[in-house]
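These notes are about the structure you will find just below.
Only the coordinates and a few stated rules stand behind these numbers; no lab work does. Keep in mind that what you see is a predicted model, and the values were worked out from it rather than measured. So basically every Cβ, Gly included, is an ideal-geometry build from the backbone, and we count neighbours across all protein chains shown.
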Amino acid sequence: MADDLITSYARSLIGVAEAEGAVSVMEREMAQIAAAFNASEELRAALADATLPASRRQQVAEDLLGGQASRVTTALVSMVIASGRAGELGAIADRIVQMGAEQRGHVVAEVRTAVALDADQQQRLASALSKATGKDIELKVVIDPSVLGGVVTQIGDQIIDGSVRTRLHQLREAF
Amino acid sequence: MRPARIAAPFVCAGALFFLAQPAGAAESIGSCVVEKIEEIGGPEELETIVEAGHAEGASAEAEEALVEVEDKLEKECIEAPSLIIPELNEVIWGGGAFLVLLAAMIKWGFPLVRNTMEARTERIRTDLQAAQAARVEAENNQKQLAAELAESKANAAKIVEQARQEALVLSANMQVKAEADIAEMRQRAAGEIESARSRALADLQADVADIVVGAASRVVERNLDVNSQRQLIDEYIASVGRQ
């Protein structure tokens, strides 16, 4: 039920972006918003706090996105918060990215790293993943300090883990 | 009814006997006196002799005559009959009464007595037989009781012996069970000790691993600079590309 709700929201937001002619921009910005939302507990708590009026939470989101996201993306995020679905904002953004990639015949690979990847690294990683999977890959980069170092990639149910965290866990298990 | 029938002949015989004896005796004394008076000379002569004999100054002959008359009457008529030989009339009446009594006794008395005696004998015999039977029964009962008592004693002894055997078996079983329980408790305690030791060792290993990994993590974090991160990412990209 919740998955259907998230898909419906994602489809509606994509429709609005298509009407505004800003789908690609919105998808890219939504990917960044999803990464930030999923990474920050404080941000999730602030936007989903039911004790605050929706208008206040909308103002917080618009202040955060102002100047960094397009007008359409900011309006759509504000609309989700006004609808009382701020808690599902990350999942809706992820679904938008996923549906956009699927529409283009691509597969989204969630890449977690401790530090940001530069453009060259992203291009080389996407190429390597496409070669390994035989599919066109679009990266969704998530900055996750718990990775410590290296990269963790998830494509659907497949996980390619090359993180220092996992190596330390393996070391821990070896005792 | 029976005592009356038995007593009746005796009563009749007794009555005849006592009525007959005075009549015979009265006739004998009276007739003797009359006869002797007649022999003396009649009542007048007897009276004359008596008066002459009792008169004052009576002659020796008168007195002698009076004594002779008195002796004659006394010795011959008034003198008591023989103590051994009865008078004839007594013999007759007594014999008749005896015969009547004997006949009555033979007719009614003896059968009654015999029947009574037989009945009594039979009753006594029956009583004796009953007593004998009772005694035999009592003896049998006593024997049976003795046998039952002996059987009861034997059963009691058997039960006691069985109980003793069961107690011995139970004691042995309890001892075996106690030993088994002790062995099980020892084994369980040994297992628990071993388990506790294993857990302690595992906890120790986990703690050591946490310390080591934690130290390694801190070392890695301190040493993971930008270049190291880039190198790790490049190595990852290269490894993915080789797959």
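Just need the Rg to Rh number for chain B, please, alpha carbons only, Kirkwood Rh. Walk me through the numbers on the way to the answer.
Details: Rg = 72.6 Å, Rh = 34.8 Å.
Result for chain B is an Rg/Rh of 2.09.
Taking the Cα-to-Cβ direction at B:I78 and at B:I182 and moving 7 Å from each Cα, how far apart do the two end points lie in nm?
Those two pseudo-labels are separated by 13.3 nm.
Averaging sequence separations of C-alpha pairs under 8 Å and six or more residues apart, then dividing by the length of chain B, give the relative contact order as a whole percent. Walk me through the numbers on the way to the answer.
Values: 56 pairs, mean separation 52.9, N = 243.
It rounds to 22 percent for chain B.
Suppose only helical runs count, i.e. DSSP H with n ≥ 4. What mean residue ellipticity at 222 nm does that imply for chain A under -39500 (n - 2.57) per run, divided by all residues and rounded to the nearest 500 deg cm²/dmol?
Working: 8 runs with 109 residues, N = 175.
Helices in chain A give a 222 nm mean residue ellipticity of -20000 deg cm²/dmol.
So for each of A:75-87, A:158-170 I average, over its residues, the number of other beta carbons within 10 Å; can you give me the resulting order with the highest mean first?
Working: A:75-87: 19.2, A:158-170: 16.3.
In descending order of packing, they fall as A:75-87, A:158-170.
How high is the FRET efficiency from B:L128 to B:S152, r the C-beta distance, R0 30 Å, rounded to 0.05? Before the final figure, lay out each step's value.
Working: r = 34 Å, r/R0 = 1.14.
For R0 = 30 Å, the calculated efficiency reads 0.30.
If you take the beta carbon distance between B:E161 and B:D203 as r and set R0 to 60 Å, what does 1/(1 + (r/R0)^6) give as a FRET efficiency, to the nearest 0.05?
About 0.50, to the nearest 0.05.
Report the full-extension gain for the segment B:N173 to B:R230: residue separation times 0.36 nm, less the Cα-Cα distance, to one decimal in nm.
Details: separation 57, 0.36 × 57 = 20.52 nm, distance 7.72 nm.
Roughly 12.8 nm would be gained on extension.
Residue by residue through region B:187-193, what is 3J(HN,Hα) from phi via Karplus (6.51 cos²θ - 1.76 cosθ + 1.60, θ = phi - 60°)? Round to whole Hz and write x for glycine and proline.
My calculation for region B:187-193 gives 5, 5, 5, 4, x, 5, 4 Hz in order.
Assuming R0 = 35 Å, can you tell me the calculated FRET efficiency for the pair A:Q122 and A:S40, based on Cβ-Cβ distance, to the nearest 0.05? Could the numbers behind the result be given before it?
On the way: r = 22 Å, r/R0 = 0.62.
With a Förster radius of 35 Å, E is 0.95.
Taking the Cβ of each residue in B:I29, A:I6 as the centre, tally the other Cβ atoms inside 10 Å and list the residues starting with the fewest.
B:I29, A:I6
Give me the log10 of I(q) over I(0) for region A:106-174 at q = 0.14, 0.15, 0.25 Å⁻¹, as the Debye formula computes it from C-alpha points; what are the numbers?
-0.41, -0.47, -1.10
Over region A:20-175, what is the relative contact order in whole percent, taking alpha-carbon pairs under 8 Å and six or more residues apart? Present the calculation step by step, with values, prior to reporting the outcome.
Details: 195 pairs, mean separation 33.7, N = 156.
The normalised contact order for region A:20-175 reaches 22 percent.
How crowded by other chains is B:225-236, given as the mean number of beta carbons from other chains within 10 Å of each beta carbon?
On the way: counts 1, 1, 0, 3, 11, 4, 2, 12, 13, 5, 3, 14.
The per-residue average across the peptide is 6.
Using a 10 Å cut-off around each Cβ of peptide A:147-154, what is the average number of partner chain Cβ atoms that fall inside?
On the way: counts 2, 6, 10, 8, 9, 1, 2, 0.
That average works out to 5.
Using each residue's phi in region B:37-46, evaluate 6.51 cos²θ - 1.76 cosθ + 1.60 at θ = phi - 60° and report the 3J(HN,Hα) Karplus result to the nearest Hz, with x for Gly and Pro.
Values, residue by residue: 5, 4, 5, 5, x, x, x, 5, 5, 4 Hz.
Starting from the Cα of B:K177, draw a straight line to each of the lysines and keep only those under 29 Å, dropping any in the same chain fewer than 8 residues away.
Filter leaves B:K158.
Amide H to amide H under 5 Å from A:A109: which residues, 5+ apart in sequence or cross-chain, H placed 1.01 Å off N in plane?
Residues meeting the amide H criterion: A:E138, A:L139, A:K140.
Give a residue-ordered list of calculated ³J(HN,Hα) values for region B:95-101 (Karplus: 6.51 cos²θ - 1.76 cosθ + 1.60, θ = phi - 60°; whole Hz; x for Gly, Pro).
x, x, 4, 5, 5, 4, 5
Run the numbers on region A:126-175 and let me know its relative contact order in percent, using alpha-carbon pairs under 8 Å that are six or more apart. Don't skip to the end; give the middle numbers.
Working: 34 pairs, mean separation 11.7, N = 50.
23 percent.
Among B:P111, B:A150, A:S24, flag the residue with its Cα farthest along the positive direction of the charge dipole of the protein assembly as shown, charges on Cβ as +1 for Lys/Arg and -1 for Asp/Glu.
Selected residue: A:S24.
How would A:T73, A:T51 line up from fewest to most surrounding beta-carbon atoms within 10 angstrom? Present the calculation step by step, with values, prior to reporting the outcome.
Numbers: A:T73 24, A:T51 5.
With the sparsest Cβ surroundings first, the list reads A:T51, A:T73.
Can you show me the helix-derived [θ] at 222 nm for chain B, built from DSSP H runs with n ≥ 4 at -39,500 (n - 2.57) apiece and divided by the number of residues, rounded to the nearest 500.
Values: 6 runs with 213 residues, N = 243.
Computed ellipticity for chain B at 222 nm equals -32000 deg cm²/dmol.
Can you tell which of B:Q132, B:Q165, B:Q231 shows the greatest fluctuation in a Gaussian network model of chain B with Cα springs below 10 Å?
B:Q231
Let me know the mean shielding of A:107-114 by other chains, meaning the per-residue number of their Cβ atoms within 10 Å of its Cβ. Working shown, then result.
Working: counts 0, 0, 0, 0, 2, 0, 4, 5.
Per residue, the number of nearby Cβ atoms from other chains is 1 on average.
Which residue, A:Q98, A:Q123, A:Q58, tops the fluctuation ranking in a GNM of chain A built on C-alpha contacts under 10 Å?
Largest GNM mean-square fluctuation: A:Q123.
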